[in-house]
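Heads up, the thing below is written out as structure tokens.
The values are calculated or read from the model by the stated rules, or taken from the named source; none is laboratory data. Because the structure is a prediction, the values reported are computed rather than measured. Backbone-built Cβ (ideal geometry, glycine too); neighbour counts: all protein chains shown. In case anyone asks, the SASA skips ligands and DNA or RNA and just uses the protein heavy atoms, side chains included. Shrake-Rupley method; radii C 1.70, N 1.55, O 1.52, S 1.80 Å.
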Amino acid sequence: FLRGIPRDLDEAAVMDGCGSLGILTKVLVPLTLPALITAALFQFIWTWNEFFNALIYINSVSKFPVSLGLRMTLDNEGAVHWNQVMAMSVVAILPCVLVFFLAQKYFIEGISTTGLKG
């Protein structure tokens, strides 16, 4: 994404008197904000749905994430309480859906733009 931003913007900022930090904060970060938010959204969803690393590294059942708790609910002696499973499924998916809808503007802009507006 950064390679798609022309060097002319950097050179114009230098001619306007910006230093390296000014170029970063006033030119590059505003242009890359949609791409950064898109990457953060993907990372959040990937980490939230992570199953195997939590299974390997966490020893205490009380510290298991929601995905492991949902899986452990399904392993109870063959009897499945579907109302509890559906409630835990909503709890498991709700943060991902909320984060997506809150960041939807930047997500769509980060996918559709190439770095410059206009």
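A few comments on the model shown:
- Those residues of segment 80-101 which are open to solvent by 60 Å² or more (accessible area, probe 1.4 Å) and touching a Ser or Thr at 6+ places or on another chain (Cβ under 7 Å), in sequence order: 84
- For segment 36-50, the condition holds for at least one residue, the condition being that it is in a helix (DSSP H, G or I), among the small types (Gly, Ala, Ser) and under 17 Å from the mean Cα position of the chain (by Cα).
- Scanning segment 51-73 for residues that are within 18 Å of the chain's Cα centre (by Cα) and small (Gly, Ala, Ser) gives a single hit, 67.
- Verdict on residue 32 being of a type in the set (Val, Ile, Thr), within 30 Å of residue 65 (Cα to Cα) and in a helix (DSSP H, G or I): no
- Within segment 18-39, residues that are more than 19 Å from residue 106 (Cβ to Cβ) reach partners that are in a helix (DSSP H, G or I) and of a type in the set (D, E, K, R) with beta carbons closer than 6 Å, at six or more positions or on different chains, in the pairs 23/10.
- Scope segment 1-27; condition open to solvent by less than 70 Å² (accessible area, probe 1.4 Å), in a helix (DSSP H, G or I) and of a type in the set (Gly, Ala, Ser); matching residues: 4, 12, 13, 22
- Residue match in segment 75-84 (condition: of a type outside the set (Gly, Ala, Ser), part of a helix (DSSP H, G or I), out of contact with any strand residue (DSSP E or B) (no Cβ under 9 Å at 6 or more places or on another chain) and modelled with pLDDT under 80): no
- Matching residues in segment 6-49 - criterion: being among the polar types (S, T, N, Q) and touching a Gly at 6+ places or on another chain (Cβ under 8 Å): 32, 38
- Some residue of segment 52-74 being farther than 17 Å from residue 103 by Cβ, touching a helix residue (DSSP H, G or I) at 6+ places or on another chain (Cβ under 6 Å) and aromatic (Phe, Trp, Tyr): no
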